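Notes for the one structure printed next.
The values are calculated or read from the model by the stated rules, or taken from the named source; none is laboratory data. Since this is a predicted model, take the numbers as computed values, not measurements. Please note: Cβ atoms are built from the backbone with ideal geometry, for glycine as well, and neighbour counts cover all protein chains shown. Accessible surface is based on the protein model in full, side chains and every heavy atom, while ligands, DNA and RNA are left aside. Shrake-Rupley method; radii C 1.70, N 1.55, O 1.52, S 1.80 Å.
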Amino acid sequence: MSTQDCLFCRIVAGEIPADVVHETEHTLAFRDIHPQAPTHVLVVPREHHADAAALAAARPELVAELVSAAARVAASAGHPDDYRLVFNTGAGAGQTVFHTHLHVLGGRSLDWPPG
Ligand code: AMP
Ligand code: ZN
(Lines give C-alpha, C1' and ligand atoms only; values in the text may rest on other atoms or scores of the structure.)
(Ligands and ions follow the chains in the order given, each with its own letter.)
Protein backbone atom coordinates (compact mmCIF):
# COMPACT_ATOMS: atom_id res chain seq x y z
CA MET A 1 0.00 0.00 0.00
CA SER A 2 1.39 3.43 -0.86
CA THR A 3 1.32 6.40 1.46
CA GLN A 4 -1.25 8.05 -0.80
CA ASP A 5 -3.68 5.18 -0.24
CA CYS A 6 -3.33 5.10 3.54
CA LEU A 7 -5.50 7.35 5.70
CA PHE A 8 -3.10 7.46 8.63
CA CYS A 9 -0.04 8.06 6.42
CA ARG A 10 -1.95 11.05 5.08
CA ILE A 11 -2.71 12.29 8.60
CA VAL A 12 0.98 11.88 9.51
CA ALA A 13 1.89 13.87 6.38
CA GLY A 14 -0.53 16.65 7.37
CA GLU A 15 -2.67 16.11 4.26
CA ILE A 16 -5.78 15.26 6.30
CA PRO A 17 -6.51 17.23 9.48
CA ALA A 18 -6.48 15.54 12.87
CA ASP A 19 -6.81 16.67 16.48
CA VAL A 20 -3.22 15.92 17.53
CA VAL A 21 -2.69 15.56 21.29
CA HIS A 22 0.91 14.25 21.45
CA GLU A 23 3.80 13.72 19.08
CA THR A 24 7.37 12.48 19.09
CA GLU A 25 9.98 11.95 16.41
CA HIS A 26 8.54 8.53 15.58
CA THR A 27 4.90 8.69 16.76
CA LEU A 28 1.76 10.79 16.40
CA ALA A 29 -1.31 10.68 18.68
CA PHE A 30 -4.66 12.15 17.63
CA ARG A 31 -8.28 11.90 18.75
CA ASP A 32 -10.44 9.18 17.22
CA ILE A 33 -13.10 10.70 14.97
CA HIS A 34 -15.76 8.40 16.51
CA PRO A 35 -14.82 8.36 20.20
CA GLN A 36 -15.97 5.37 22.27
CA ALA A 37 -14.95 6.95 25.60
CA PRO A 38 -14.16 10.45 26.93
CA THR A 39 -10.53 9.69 26.10
CA HIS A 40 -10.19 7.89 22.77
CA VAL A 41 -6.87 8.59 21.11
CA LEU A 42 -5.03 6.68 18.39
CA VAL A 43 -1.24 6.47 18.65
CA VAL A 44 0.45 5.63 15.35
CA PRO A 45 4.01 5.22 14.17
CA ARG A 46 4.94 7.76 11.52
CA GLU A 47 6.20 4.83 9.42
CA HIS A 48 3.65 2.69 7.61
CA HIS A 49 3.22 -0.87 8.92
CA ALA A 50 -0.02 -2.80 8.45
CA ASP A 51 -0.61 -3.94 12.02
CA ALA A 52 1.02 -4.38 15.42
CA ALA A 53 2.70 -7.68 14.58
CA ALA A 54 4.21 -6.25 11.40
CA LEU A 55 5.52 -3.29 13.39
CA ALA A 56 6.93 -5.61 16.07
CA ALA A 57 8.72 -7.67 13.42
CA ALA A 58 10.19 -4.68 11.58
CA ARG A 59 10.70 -2.07 14.32
CA PRO A 60 10.20 -3.58 17.79
CA GLU A 61 11.43 -0.44 19.53
CA LEU A 62 8.53 1.50 17.99
CA VAL A 63 6.02 -0.77 19.74
CA ALA A 64 7.51 0.37 23.05
CA GLU A 65 7.37 3.97 21.87
CA LEU A 66 3.67 3.62 21.07
CA VAL A 67 2.97 2.24 24.56
CA SER A 68 5.02 4.99 26.22
CA ALA A 69 3.24 7.66 24.18
CA ALA A 70 -0.12 6.10 25.14
CA ALA A 71 0.80 6.33 28.84
CA ARG A 72 1.59 10.01 28.41
CA VAL A 73 -1.73 10.58 26.64
CA ALA A 74 -3.59 8.92 29.53
CA ALA A 75 -1.67 10.97 32.09
CA SER A 76 -2.38 14.19 30.20
CA ALA A 77 -6.07 13.25 30.12
CA GLY A 78 -6.07 12.98 33.94
CA HIS A 79 -6.27 9.19 34.36
CA PRO A 80 -2.63 8.06 34.47
CA ASP A 81 -3.38 4.67 36.06
CA ASP A 82 -6.67 3.73 34.38
CA TYR A 83 -6.85 3.20 30.65
CA ARG A 84 -7.17 0.47 28.06
CA LEU A 85 -4.81 -0.12 25.13
CA VAL A 86 -6.10 -2.00 22.08
CA PHE A 87 -4.55 -3.13 18.80
CA ASN A 88 -7.37 -4.46 16.63
CA THR A 89 -5.62 -6.88 14.27
CA GLY A 90 -7.38 -8.20 11.19
CA ALA A 91 -10.79 -7.37 9.77
CA GLY A 92 -12.41 -10.12 11.85
CA ALA A 93 -11.23 -8.36 15.02
CA GLY A 94 -12.49 -4.97 13.89
CA GLN A 95 -9.41 -3.52 12.19
CA THR A 96 -10.54 -1.06 9.52
CA VAL A 97 -7.39 1.01 8.97
CA PHE A 98 -4.37 -1.06 8.01
CA HIS A 99 -1.73 1.28 9.45
CA THR A 100 -0.71 0.21 12.96
CA HIS A 101 -2.61 2.18 15.59
CA LEU A 102 -2.89 1.79 19.34
CA HIS A 103 -6.27 2.79 20.75
CA VAL A 104 -6.06 4.58 24.12
CA LEU A 105 -9.43 4.46 25.88
CA GLY A 106 -10.28 5.94 29.26
CA GLY A 107 -12.13 8.53 31.24
CA ARG A 108 -14.98 6.17 32.14
CA SER A 109 -15.23 2.67 33.62
CA LEU A 110 -14.59 0.04 30.95
CA ASP A 111 -16.37 -3.32 30.89
CA TRP A 112 -14.70 -6.68 30.36
CA PRO A 113 -14.99 -8.76 28.21
CA PRO A 114 -15.19 -6.33 25.30
CA GLY A 115 -17.78 -6.85 22.57
P1 AMP B 1 -9.71 0.13 13.83
O2 AMP B 1 -11.16 -0.16 13.62
O3 AMP B 1 -9.09 -0.52 15.02
O4 AMP B 1 -8.92 -0.08 12.54
O5 AMP B 1 -9.62 1.67 14.18
C6 AMP B 1 -9.69 2.69 13.23
C7 AMP B 1 -10.19 3.89 13.95
O8 AMP B 1 -9.90 5.03 13.16
C9 AMP B 1 -11.69 3.90 14.21
O10 AMP B 1 -11.94 3.94 15.61
C11 AMP B 1 -12.19 5.16 13.49
O12 AMP B 1 -13.19 5.84 14.21
C13 AMP B 1 -10.90 5.97 13.40
N14 AMP B 1 -10.85 6.93 12.31
C15 AMP B 1 -11.24 6.74 11.02
N16 AMP B 1 -10.99 7.85 10.29
C17 AMP B 1 -10.43 8.75 11.14
C18 AMP B 1 -9.93 10.08 10.99
N19 AMP B 1 -9.97 10.72 9.81
N20 AMP B 1 -9.43 10.71 12.09
C21 AMP B 1 -9.40 10.07 13.28
N22 AMP B 1 -9.82 8.81 13.49
C23 AMP B 1 -10.34 8.16 12.44
ZN1 ZN C 1 0.06 4.20 6.47
request  = Please calculate how many Å² of accessible area the chain carries per residue, with a 1.4 Å probe and no DNA, RNA or ligand atoms counted.
outcome  = 55
task = Give the long-range amide H neighbours of Thr89: residues separated by 5 or more places, or on another chain, with amide H under 5 Å away, using H modelled in the peptide plane at 1.01 Å from N.
result = Gln95
key: Estimated FRET transfer efficiency (Trp112, Gln4; beta-carbon r; R0 41 Å; 0.05)   = 0.60
message = For a Förster distance of 22 Å, can you work out the FRET efficiency between the beta-carbons of Asp82 and Asp19, rounded to the nearest 0.05?
response = 0.50
Normalised contact order of the chain, rounded percent, pairs of Cα under 8 Å and 6 or more residues apart = 29
message = Can you work out the Karplus-derived ³J(HN,Hα) for every residue in the stretch 64-71? Use 6.51 cos²θ - 1.76 cosθ + 1.60 with θ = phi - 60°, whole Hz, and x for glycine or proline.
response = 5, 5, 4, 5, 5, 5, 4, 4
query = Hey, any idea what % of the chain's accessible area is carbon plus sulfur with a 1.4 Å probe?
reply = 54
ask   = Could you work out the helix-only [θ] at 222 nm for the chain, with each DSSP H run of four or more residues adding -39,500 (n - 2.57) and the total divided by the number of residues, to the nearest 500 deg cm²/dmol?
value = -7500 deg cm²/dmol
note = For the stretch 7-106, inverting the pair-averaged 1/r of distinct alpha-carbon atoms gives a Kirkwood value in Å of 13.4
